[in-house]
Every structure is written in structure tokens, then in C-alpha cells.
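Reading through the C-alpha cells given below for one structure.
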Amino acid sequence: MADMAADRDEPGTAAMARPGRFAEFWSYFRENRGAVVGLFFMGALVLVAVFAGVIAPHSPYEQYRDHFLQPPVFIEGGTWTFPLGTDPVGRDVLSRLIFGARYSLFIGAVVVSVAMVVGVALGLVAGFARGILDAAIMRIMDIILAFPSLLLALVLVAVIGPGLFNAMIAIAIVLQPHYVRLTRAAVLGERTKDYVTAARVAGAGSFRLMFRTILPNCMAPLIVQATLSFSNAILDAAALGFLGMGAQPPTPEWGTMLAEAREFILRAWWVVTFPGLAILLTVLAINLVGDGLRDAFDPKMKRS
Amino acid sequence: MLGFFLRRIGILIPTFLGVSFLAFMFIRVLPGDPILLMAGERSIKADRYQELLHQHGFDRPIIEQYGVYLGQLAKGNLGVSIVTKKSVLSEFLTLFPATLELSLAAMIIAVVVGVPAGMIAAVRRGSIVDHGVMATALVGYSMPIFWWALLLIIVFSGWLGLTPVSGRIDLVYYFKPVTGFMLIDSLLSGQEGAFRSALSHLVLPAIVLATIPLAVIARQTRSAMLEVLAEDYVRTARAKGLAPRRVIGIHALRNALIPVVTTIGLQVGVLLTGAILTETIFSWPGIGKWMVDSIFRRDYPSVQGGLLLIAMIVVFVNLVVDLLYGLINPRIRHVR
């Protein structure tokens, strides 16, 4: 990590170099075809989520009582009215999936923002203060990391009550130690560098040193971590929903949809297959982007 | 060397205190009064309430209560399940072999498939095999395993009728557990078909649980291998005319496996997380399902004890991995 930051420009020239730097980044990122595909998929998913009300053929909550467990259009008995079939209470699977995109993206965005802001702040403090504060923060993070993430999230939700909002809080708590560790390690690597000393000598205060001088030079690993935890957040939230501790029915959240459909798996495979496929494709797309970002930020590694 | 060991173990003390404090606090921060919870549907008189409060020590300061809790832990007393009235520790120990068997089976699948897959991908870098392995690994890594389990059930249990859907063995077989491992016990019992039944119950959950570690191990092996293959000593080995098979299989693999061993150790947390979902779906009677059931039954002493024991397992395994790594790779010992 340290040598990665070493071949960056000095911060003074950063403002001038920025457009060129983005172009350079993009030229590396573009080379990774999977990452570009993932990025397009995510873009499309965002559009689907935003325009869900226009695109979805039905309401995600409307129960068509003549169409329980109707198969999808491409097998016998399916109709174009319900392209991906209907669920056990006659709701259109496609429409629920389309609205479900909103939940997954929302969960990912909120969890990552909360975990990242808290984690980066704690990591900066730990790396800067050292001593007892550092030790205290890091031991607390060790404690959180000692529990399997899903188990801790599950227990936290059991304490504060099931529901989407509480599930997001629990997942954010479980994911933030990674940001703390990453930020602290980056700060420790950077703080003795000449440009930091120079800024300190020039009279920059602690806050300025933390946020303006050092943090921008630690961004690359944090961005990669953000994509990773975005997909983790979606997976964990779906798992909690599946276990009945996340979003509650009739919310069209993908994990919750799976839980509701579980007992029908041997009679109607489509009610189980499509929500899971949606989760898999979304997580896959994010991970593809994450891999691409990692390679693009660290071109040396890619060429080795 | 001893110093390194002691330092690593010393770091554990605050972690243990923290983990136990968290488990201790868990019951106290729950909404609702613990005494009223115990009384359940029956109402309780005020003086009896005070008596119970005192008897359980809930009227003492939190720190003192925590001290008492630690004292009980030291004696191996993790409380009693509200539902089964059995000791939490003995419940845990009865169920743990099931989880261990499932996890070991999953780990074996992950290593046996993952390491060679990663090796081949590295050796044939850029080929279609490499792309295939890496794409499959990425899909596996992104897999929501609870859905993957359901898919496998649809195909192998539903359509093909090959595997059972739940449990560890058919109910027609009964024998006393000796090792707690159903595969071994079924063989020891000597009953015809018992081993087959146990195996067919194990296959699907083990595959599901192996999926993510397998993907991680394959990716890790590939990148470690690529790094090692670029080293001078590998070139030297090649230059002196060793067979490529020998260079890759012995010289390169040995060093490439060092980071992979760490990765394997770090999968324990992943396995336990996966066990929660896998065991719930396949009704596998292990600690993952027990934890979920306990949470839903509001059996808080069990949740508390399980939380503590599971965290201890993770911490312990991480410590062993750390120490092993120090043994294999002397450079680590002297850092810090």
C-alpha cells in the first residue's frame, strides 16, 4: 500500500494533474472488459430502480387472485401478462424484482456510506493519536471481527428488532472495522512522509492534516473496499431478509422474496430462481467493477 | 520465538474480555425485564420479584455482575437454556461435531478443487482455461449461498431425486454417536446402507458451504502462484533443466502455498457464517441452526453462550494461523 502511494504526485500538483489522472485511470479501467460490463449493468440497474414505477408492468403488491403461481412466459401455461410468472399469492414476479432493485441499491448505498464515514473517521483518529486511543479503537475492532459477520448482524437485529432499517445499521456496524484497519494502516504509512512533515511545519492543524493532506492519498484502497462492502451489504441484507430478520413481507426485497417462496421450491422453481438470480447478477456486477478498480488503481500489479 | 508467541497470545486477553463483555451485555440490553421474561405468562408478586432480582444478582452494579459472569465462565458454566433446561455448554458440545463435520467436508472440497484450479489458471495464464477458472471463481465468490442451496435442492433433490433435503441421515438408521461424525459413526455401526445415507445427506450442504472458500482459495492460489513463477529461483530451476512439472509442482507450489494457508485459516469465519445459512436450509443439526433457532425462540442464554463460544473458536483459529505463519515465515516474527 505504501509503495502505491509513493509514486503519486505531490499534493501541490494534484489539482493540475487531476483531469489527466482521470483519463489515465479510465484507460486502465477500460481495458478490463468485465469491469466495463459490470459498470454498464450497474448503470442499467440504477435506471431500472429510478424508473421502476414506469417500467414495471404491475404493482409489486397487487395480488391477482386468478393467477397463483403462474409459470413464466417461456414455459407452457405462461402468459405475457406475467413474463416471469407470479408468486404464491398472485403477485407479478418481474414487477417485484424491478422494485426490489430499489431496495438492494438503497441498502448498499446507505450501508457503505455509514460504514465508510464512521470507519474512516475512527481509522484516522487511531492512526493519528496512537497510544491508548489507538489501542482502544483497534481492540474494539478486533472484538467485532471476532464474530462471524452474519451472526453478529443477526444478533444485533434480534436485540434492536427485525426490519430493514435495523438490518442496515447492523450490517454497517459489522462492515466498518475493515475501513478502520485500512485507513489506519494507510495513515501510518503516510504520516512520516516528507509532504506531511512539510504541511505540519507550514502550520497545518490536525484536522487539515487528516482530511486534506493525508486522506486523499489513501483513497484508492478505500474505494476498492467500498465496492467490496457494497456487494457484501447486499448479500448480508438478503441473507437477513431470507432468515426473516431483514425487510419484512410484503416488501419486494429480493432476500425476503426468496424466504416467502421457499416452501414452493419443488412446485414452482421460478419463484425461487429469479430473485436469487437478481442478487447474484447484481453482486457479480459490483465485484467485476471492484476488480477493475483495483487493477486500474494499481497498474503495476496488473502488469507484473 | 517465544516472545513472538507470548505477544500474540497477550493481544488475545483484551479481545477475550471484550467478547465476553459483549456476550454479557447482550442479555442486559435486550428490551424487556429479564425477571418478567423468566416469569413468562404468569404474573409475579412484587416481593418475589425483588427476591429473584437479588437471587440473580441483577440488583448489583453492572461491573460486579460482569465479574460474577466471568467467574462462572472460568468454571465452565455458560448458563442454562430457557427452552431445553440443559446446560448451554453441553448443548453446544453435542451439536458442534455436526458443524465440524460439515465444515471439514466443505474445506476439503474447497482445497482439493481450489488449489489445483488456481494452479492451472496461473500456469496457463491468459488461456481460455485461466479465464474460465477466474470467471467461475468470481461467480462463486458473488454467490448468495442460501439461493445456491435452494437451486441445488430443486435440481438434485426435486428433479433428479438423488439427494435427501434435510438432516444428517435417514431415520431408519439409529446408532449411538461415538465420534460425533456421522460418516465415521455410520461405518462403525456396521449397518448396511448407513454410510451411503450419511454421505448423500452431506453432499449438498458441503458443496454449498464450500462454494465461497473454494472461489477465494482458487483466486488466492492463482495470484500467489503468478508471483512465485516470476521469481529468480524458479527461472534458475527451469534453466538447470528441471522438468516443468517438477518446477511448478515442487519449487513454485511450496512457496505459493504460504499465503494460501493463511487464506484457508481465515475462511473459518466465512464457514461459520455460511453454516448459519446452510444448516438452516438443510435442517442440519449443528450450531448454526441452533443459533438461529435460539434467536427465534428467544432462548437468550443459548444465544449468549453460543455467541461467546463461536467468537472464541474464530479467535483461537486465527491465533493458530498467525502462529503457524510465524513458524513458516520467519520474517513475520520480527515485525513490530
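Coordinate-derived values only; no laboratory data. Values in this document were obtained by computation on a predicted structure and should not be read as measured data. Glycine also receives a Cβ, built like all others from the backbone with ideal geometry; neighbour counts cover every protein chain displayed.
Numbers at a glance
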read-out	value
Within chain B, helix-based [θ] at 222 nm, where runs of 4 or more DSSP H residues each add -39,500 (n - 2.57), nearest 500	-24000 deg cm²/dmol
Relative contact order of chain B, defined on C-alpha pairs under 8 angstrom at six or more residues apart (%)	25 percent
Mean Cα-pair separation over length for chain A, i.e. relative contact order, pairs under 8 Å, 6 or more apart, %	25 percent
Most positive-pole-ward Cα, B:Pro97, B:Ala206, B:Ile258, against dipole of the protein assembly as shown from beta carbon charges	B:Ile258
Peptide A:150-157, shielding by other chains (average Cβ, 10 Å cutoff)	6
Distance histogram in 10 Å bins (all Cα pairs of the range A:149-304, percent per bin)	10, 27, 27, 19, 11, 4, 1, 0
Tail weight of P(r) past 28 Å, computed on alpha-carbon pairs of chain A, percent	49 percent
P(r) weight above 14 Å for the range B:221-285, C-alpha pairs, percent	66 percent
Packing-based ranking, highest mean first, of B:233-243, A:65-75 given that Cβ atoms within 10 Å are counted	A:65-75, B:233-243
Leading residue at positive end of dipole, chain B (Cβ point charges), from B:Val29, B:Val19, B:Leu171	B:Val19
Cα gyration tensor, chain B - rounded (a/c under 1.5), prolate or oblate	oblate
Three-way shape call for the protein assembly as shown based on the alpha-carbon gyration tensor, with the a/c threshold at 1.5	rounded
For the range B:221-306: relative contact order, % (alpha-carbon pairs under 8 angstrom, 6 or more apart)	20 percent
Lys/Arg +1, Asp/Glu -1 at C-beta; the range B:215-297 dipole; positive extreme among B:Gly286, B:Gly269, B:Tyr233	B:Tyr233
For the range A:233-304, convex hull volume per residue from C-alpha positions, Å³	101 Å³
Point-to-point label distance, B:Glu64-A:Tyr61, nm (Cα→Cβ direction, 7 Å offset)	5.3 nm
Within chain A: Cβ-based charge dipole about Cα centre, in debye rounded to nearest 20 (Lys, Arg +1; Asp, Glu -1)	800 debye
Theoretical ellipticity at 222 nm over chain A - DSSP helices of four or more residues, -39500 (n - 2.57) apiece, nearest 500	-23000 deg cm²/dmol
17 Å Cα-Cα reach of B:Lys176 towards aspartates and glutamates, excluding residues that sit fewer than 8 places from it in its own chain	B:Glu91, B:Glu101, B:Asp185, B:Glu192
Nonlocal amide H pairs with A:Thr86, under 5 Å, H built at 1.01 Å	A:Leu69, A:Gln70, A:Val93
Two-decimal ratio, the range A:43-160, of alpha-carbon radius of gyration to 2.2 N^0.38 Å	1.65
Cα Rg, Dmax (largest Cα-Cα span) when computed across the range B:65-158, Å	21.8, 63
Rounded Å value of the spacing that divides the Cα centres of the range B:69-140 and the range A:142-213	27 Å
